[in-house]
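Peer 1: First, the structure itself, so that you have it in front of you.
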Amino acid sequence: MTHLGVIQQLILQQAQQAAPQATTTLGKPTVASIGFFFLIVAVTLVITYFAAKKTKTSSEFYAAGRSVSALQNGFALAGDYMSAASFLGISGMVALKGYDGMIYATGWLVGWPALMFLVAEPLRNLGKFTFADVVAFRLRQKPVRIAAAIGGILTVLFYTIAQMVGSGALIQLMFGLKYEIAEIIVGVVMLAYVLFGGMLATTWVQIIKAGLLLFGVTILTGLVLAKFGFNPGNLYQAVVAQYGQPSLEPGGFVANPVEAVSLGLALMFGLLGLPHILMRFYTVPDAKAARKSVLYATGLIGYFYLIIPIVGFGAAVLTPGGRAFITSVDKGGNMASPILAEQLLGSGFLGFIAAVAFATILAVVAGLTLAGASAYSHDIYVNVIKGGHATEEEQVKAAKTATVVFGIFAVGLGILFKGQNVAFMVGLAFAIAASANFPALLMSIVWKRFTTMGAVWSILVGAFSSCIMILLSPTVWGEVFHHLDAAGKPYGILPWKNPAIFSMTAAFVAGIVVSLVTADQTAQDKFEDEKLRTYLGVGAE
């Protein structure tokens with residue numbers, strides 16, 4: 001038999017294997033899933049206990065006392081970034097939509113070089129705890145910090161929704177609990193990490209979770225490729241045999257060129273405006289360590305995004321019942337990876353992968369909660385309400401109060417957005433970050449004539465235009481609020497699902513125009529001092 005004949009026979013066998021309907025233990029508690037779940041929670045709570053002993057001051061709560069090494073921070077950055085959207089969302093989107101799901105994997109990776117060369121060093125040298133420290137460095141503190149807190153909190157809330165939706169679906173299926181109860185459990189465990197352990201506990205939870213996730217996805221990828229003679233080409237041919245050539249072509253999810261460009265801009269530049277990622281640069285001793293940590297993180301994240309589409313295509317082909325079965329378990333396709341794990345190595349491996357996914361969500365939500373709390377406690381309470389004169393005790397108390405409030409909001413929003421694909425939801429958070437935070441952050445670092453009112457208008461125009469466009473999009477207006485057209489399909493008042501191309505442009509235009517109209521000589525005079533600190537680290541904390 002020729003080599004081509006062997007491949008065709010292999011594809012036929014895989015298609016035949018996919019014919020019967022799959023069975024899964026998802027939704028029924030198993031010893032393996034419960035065991036791995038409690039093991040991971042126990043280990044991370046022990047870490048929190050020891051971290052709590054070292055978390056007394058605001059610097060320790062927000063920035064782990066700036067004691068994290070470059071390698072540790074690289075793993076923690078990767079752990080913070082490889083979220084439920086990356087693991088559950090991308091694999092699910094590739095399984096259901098094919099090629100277009102890979103746009104997310106590519107988009108989330110390409111922002112890292114820009115982060116390393118554009119933002120990492122200035123951020124570490126200019127800031128103290130939040131990205132607003134950088135924007136407000138040579139501008140008037142109060143208006144900039146209020147605007148930056150609004151942009152930061154909106155970004156973090158949307159990002160948190162995706163993690164909470166993923167965690168609720170996961171715990172619901174692991175233990176057979178109601179979705180709402182699952183959300184509350186996640187909220188309580190996450191609050192325990194942040195309230196007691198602060199950034200140090202969050203960092204170590206993220207490091208452990210990054211290692212577990214990379215190990216689990218590597219095993220999954222190896223098992224999938226083993227089914228196809230370790231030749232990805234055979235896997236792709238099996239996808240074509242089962243679902244047709246369009247599965248390997250663009251247009252399955254993003255058919256409109258404007259949507260494609262808008263999504264790409266959001267995924268690339270949104271990274272440079274994510275408060276929970278930018279916060280991690282304050283945990284290292286200096287700017288050199290900040291740059292090195294991005295280098296380590298880029299390697300880890302690049303490897304992960306290279307192999308996760310293989311898991312998605314493998315789930316579509318190797319799961320009996322294919323896409324229909326995956327959507328029957330979870331409408332958004334978020335359970336594709338756990339289902340594939342069970343098909344390949346049984347319920348024990350499913351328990352491990354589900355527990356890793358849960359650790360993934362907990363680590364990211366902990367980082368997000370810390371970022372959301374710091375936006376209020378550091379930027380609003382300490383620098384606006386208290387005028388920069390709060391005691392250590394007052395700062396930590398404000399941070400912990402904000403953490404509890406943010407956690408309650410996160411649980412409520414997770415319940416409201418039940419059933420959405422988590423990768424898509426994070427895409428919306430990136431659109432807000434790219435619009436509200438990135439333009440002001442970049443212009444404050446590189447443009448001498450940038451003014452206080454320019455910063456305020458840039459942040460507010462970007463934040464509110466992106467949020468309003470998202471609310472009026474087919475995703476939220478149609479699918480979440482259930483507005484259907486005559487054919488029964490969800491529709492939006494605005495036709496675009498991702499607004500970044502419009503809202504990010506509006507934020508830059510607003511910042512430039514308002515800055516030119518409201519000249520600020522004091523801000524210009526301080527620009528040289530800022531450059532000295534940016535590039536030489538003179539005076540950096």
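The values are calculated or read from the model by the stated rules, or taken from the named source; none is laboratory data. The model shown is predicted, which means the values in this text are computed figures rather than measured ones. Backbone-built Cβ (ideal geometry, glycine too); neighbour counts: all protein chains shown.
Peer 1: Among the residues of the stretch 188-209, are any surrounded by fewer than 24 Cβ atoms within 10 Å (Cβ to Cβ), in contact with a Lys or Arg (Cβ under 8 Å, 6 or more places away or on another chain) and closer than 25 Å to Thr401 by Cβ?
Peer 2: There is at least one residue in the stretch 188-209 that is surrounded by fewer than 24 Cβ atoms within 10 Å (Cβ to Cβ), in contact with a Lys or Arg (Cβ under 8 Å, 6 or more places away or on another chain) and closer than 25 Å to Thr401 by Cβ.
Peer 1: Any residue that is farther than 26 Å from Leu248 by Cβ, touching a Phe, Trp or Tyr at 6+ places or on another chain (Cβ under 6 Å) and not hydrophobic (A, V, I, L, M, F, W, C) - is there at least one of those in the stretch 93-110?
Peer 2: Taking every residue of the stretch 93-110 in turn, none turns out to be farther than 26 Å from Leu248 by Cβ, touching a Phe, Trp or Tyr at 6+ places or on another chain (Cβ under 6 Å) and not hydrophobic (A, V, I, L, M, F, W, C).
Peer 1: In the stretch 442-471, which residues are under 25 Å from Ala162 (Cα atoms), modelled with pLDDT of 90 or more and of a type outside the set (Gly, Ala, Ser)?
Peer 2: Within the stretch 442-471, Ile459, Leu460, Val461, Phe464, Ile468, Met469 qualify.
Peer 1: Let me ask something else. Does Phe508 satisfy the criteria of being in a helix (DSSP H, G or I), at pLDDT 85 or above and surrounded by fewer than 23 Cβ atoms within 10 Å (Cβ to Cβ)?
Peer 2: yes
Peer 1: Within the stretch 259-276, track down each residue that is at pLDDT below 85, among the aliphatic types (A, V, I, L, M) and surrounded by fewer than 24 Cβ atoms within 10 Å (Cβ to Cβ).
Peer 2: Within the stretch 259-276, Ala260 is the sole residue that qualifies.
Residue by residue, here is whether (1) buried (at least 24 other Cβ atoms within 10 Å of the Cβ); (2) closer than 23 Å to Ile40 by Cβ; (3) among the aromatic types (Phe, Trp, Tyr) holds:
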position: Gln343; (1), (2), (3): no, yes, no
position: Ala354; (1), (2), (3): yes, yes, no
position: Ala363; (1), (2), (3): yes, yes, no
position: Thr369; (1), (2), (3): yes, yes, no
position: Gln395; (1), (2), (3): no, no, no
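Peer 1: Does any residue of the stretch 206-222 turn out to be in contact (Cβ under 8 Å) with a residue 12 or more places away in the chain, in contact with a helix residue (DSSP H, G or I) (Cβ under 8 Å, 6 or more places away or on another chain) and not in a helix (DSSP H, G or I)?
Peer 2: Looking for residues that are in contact (Cβ under 8 Å) with a residue 12 or more places away in the chain, in contact with a helix residue (DSSP H, G or I) (Cβ under 8 Å, 6 or more places away or on another chain) and not in a helix (DSSP H, G or I), one finds none in the stretch 206-222, hence no.
Peer 1: Here's something else I'd like to know. Of Trp457, Trp496, which residue is of a type in the set (Phe, Trp, Tyr), assigned to a helix (DSSP H, G or I) and in contact with a helix residue (DSSP H, G or I) (Cβ under 9 Å, 6 or more places away or on another chain)?
Peer 2: Unique residue meeting the criteria: Trp457.
Peer 1: Only one of these is part of a helix (DSSP H, G or I), over 30 Å from Ala399 (Cβ atoms) and β-branched (Val, Ile, Thr): Thr360, Thr327, Thr369. Name it.
Peer 2: Among Thr360, Thr327, Thr369, only Thr327 is part of a helix (DSSP H, G or I), over 30 Å from Ala399 (Cβ atoms) and β-branched (Val, Ile, Thr).
Peer 1: Quickly run through the stretch 124-176 and pick out the residues that are in contact with a Pro (Cβ under 9 Å, 6 or more places away or on another chain), over 23 Å from Thr534 (Cα atoms) and hydrophobic (A, V, I, L, M, F, W, C).
Peer 2: Ile153, Val156, Leu170, Leu173, Met174, Phe175
Peer 1: Somewhere in the stretch 220-227, is a residue closer than 30 Å to Leu115 by Cβ, touching a Lys or Arg at 6+ places or on another chain (Cβ under 6 Å) and surrounded by 18 or more Cβ atoms within 10 Å (Cβ to Cβ)?
Peer 2: No.
Peer 1: Same structure again: Of all residues in the stretch 128-172, count the ones that are more than 26 Å from Ser465 (Cα to Cα) and either under 22 Å from the mean Cα position of the chain (by Cα) or assigned to a helix (DSSP H, G or I) (or both).
Peer 2: The total comes to 8.
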